[in-house]
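Enquirer: Just dropping this structure here.
The values are calculated or read from the model by the stated rules, or taken from the named source; none is laboratory data. These numbers come from a predicted model, not from an experiment. With ideal geometry, Cβ positions are generated from the backbone for all residues, glycine too; neighbour counts draw on all protein chains shown. The protein model used for the area step is the full one, side chains on, heavy atoms only, and it has no ligands, DNA or RNA in it. Shrake-Rupley method; radii C 1.70, N 1.55, O 1.52, S 1.80 Å.
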Amino acid sequence: MVVLGFGAATAVGTLLLMLPVAAESRTVTGPVTALFTAVSAVCVTGLVVVDTESHWSMFGELVVLGLIQIGGLGIMTLASLLGLLVARRMGLRMQLIAQSETKTLRLGESRRVVIGVIRMSLAVEAVVAALLTARFVFGYDERGWHGLYLGVFHAISAYNNAGFALYADSLVGFAGDPLIMVPIAVAFIIGGLGFPVVYEVRKSLLRQGYRRRWSLHTQLTVLTYFALALLGVVAVIGLEWSNPGTLGPMSALQKVLVGGFSGLTPRTAGFNNVGVGAMNSSTLLVTDVLMFVGGGSAGTAGGIKVTTFALLAFVIIAEVRGEPTVHVLDRKLAAPVQRQAVTVALLGVGAVVVGTITLLTITGMDLDDVLFEVVSAFGTVGLSTGITADIPDSGLIVLIALMFIGRLGPITLATALALRTRGRRYELPEERPIVG
């Protein structure tokens, strides 16, 4: 149902974008371009083959904005509801234990989840839109409804981690403006953490001392998300500090602001305030890793998710220590969860490897650029070194498949693995092959 729902939204969006009224030139947009744009919007990726502001008319831009909102709200709602579905299948004892430990999304809260996602999304988007509108109107002389439109468009795009911008160079023209950069960064961080985490953190702020009883999911998400964000910020600033094509010519304060934003966007936000194609290869590789990991579950971010990454780290630590079980923040990790994390991560690696080899064969472009493009598509990030428009239609189809798999694959796969449990009536003789 999730896949069919997103497929239907993509099909409708493609047909609307192919209408002559959707293009600034009032001509029919090619089916591959329309499909690519629709998938990129519904999957809140941000990769584009045509400039959003110059190619699409007001109608086309509104279609893109609607698809972004549908994709963002849809993925947050469905992922949260799928989490409740998994909880209901655990059995009464496990349900009661989980409910007493998490104190977040309790049983029978499906309606509250839907309403909560919509309320939170609209509230964050409204506040960020107001801040951006004020800056566009008073700082850049974007008067009247156009200033409001710019504020609303970029607020929705930021919160949904979509990365679509109404400027050909994304946000490069505002790189040194904290009144633009900070609201956008706050928006995509909140959206990328996920509704269950924001819901629980909000409750902890309303009730003093509640933080000590955060659920394991919230603790893992918050700690890992911000640890990787800090790593990204430090890595980008350090590696690009003297690069004449990016941070080199800037003052120290501007380097910290611009580099900090560039280090946060691999959390699948997709906006760039410097030319990604001018970055060093080492920076691109670090960004590849951060884009692959992504953000929080049941949020607008993509990737394999920070919880998956964190669980794999704890599994490795337990194995290195020779411990028979895995313990995470004073909790024992169930064996099925370990297998689910390994499966999601390795299948993600497989998708990136196959996509990279296929695109290299089709395009003949450099490995750095192709790998970056593939990981950006799979992680639904939207960052690009600038090769998207030069990729032939067959290569765009590959990226379309990667965006769709990257958006829905980890969520639906993890849910299916959690629900697909069956007992084994017998065990075969045990044997240990040589490892390593």
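Enquirer: Among the numbered criteria (1) within 24 Å of residue 308 (Cβ to Cβ); (2) touching a residue at least 60 places away in the same chain (Cβ under 8 Å), which one does residue 203 miss?
Expert: Failed condition: (1).
Enquirer: Can you spot a residue in segment 336-359 that is part of a helix (DSSP H, G or I), without any contact (Cβ under 8 Å) to a residue 24 or more places away in the chain and buried (at least 17 other Cβ atoms within 10 Å of the Cβ)?
Expert: yes
Enquirer: Can you pull out every residue in segment 13-30 that is in a helix (DSSP H, G or I) and either in contact (Cβ under 8 Å) with a residue 24 or more places away in the chain or touching a helix residue (DSSP H, G or I) at 6+ places or on another chain (Cβ under 7 Å) (or both)?
Expert: Listed by number, the residues that qualify are 13, 14, 16, 17, 21, 22.
Enquirer: So, one more: Among helices (runs of 4 or more DSSP H) lying entirely in segment 110-209, which contain 3 or more residues that are under 15 Å from residue 272 (Cα atoms), open to solvent by less than 10 Å² (accessible area, probe 1.4 Å) and out of contact with any strand residue (DSSP E or B) (no Cβ under 6 Å at 6 or more places or on another chain)?
Expert: On the way: elements: 110-140, 144-159, 178-193, 195-206.
Where helices (runs of 4 or more DSSP H) fall fully within segment 110-209 and carry at least 3 residues being under 15 Å from residue 272 (Cα atoms), open to solvent by less than 10 Å² (accessible area, probe 1.4 Å) and out of contact with any strand residue (DSSP E or B) (no Cβ under 6 Å at 6 or more places or on another chain), they are 144-159, 178-193.
Enquirer: Now a separate question. Quick one: which residue in 373, 431 is open to solvent by 70 Å² or more (accessible area, probe 1.4 Å) and either assigned to a loop (DSSP other than H, G, I, E, B) or of a type outside the set (Ser, Thr, Tyr) (or both)?
Expert: Values: 373 fails: open to solvent by 70 Å² or more (accessible area, probe 1.4 Å).
Testing whether each residue is open to solvent by 70 Å² or more (accessible area, probe 1.4 Å) and either assigned to a loop (DSSP other than H, G, I, E, B) or of a type outside the set (Ser, Thr, Tyr) (or both) leaves just 431.
Enquirer: Report, by residue number, each residue of segment 384-412 that is under 21 Å from residue 348 (Cα atoms) and not in a helix (DSSP H, G or I).
Expert: Of everything in segment 384-412, just one residue is under 21 Å from residue 348 (Cα atoms) and not in a helix (DSSP H, G or I), namely 384.
Enquirer: Determine whether residue 343 is touching a Phe, Trp or Tyr at 6+ places or on another chain (Cβ under 6 Å) and of a type in the set (Ser, Thr, Tyr). Quick ask: steps written out before the conclusion?
Expert: Values: touching a Phe, Trp or Tyr at 6+ places or on another chain (Cβ under 6 Å): no; of a type in the set (Ser, Thr, Tyr): yes.
No, not satisfied.
Enquirer: Pairs, please: C-beta under 8 Å, at least 6 apart or cross-chain, first residue under 11 Å from residue 179 (Cβ atoms) and modelled with pLDDT of 90 or more and in segment 127-144, second among the acidic types (Asp, Glu) and not in a helix (DSSP H, G or I)?
Expert: 135/177; 136/142; 139/177
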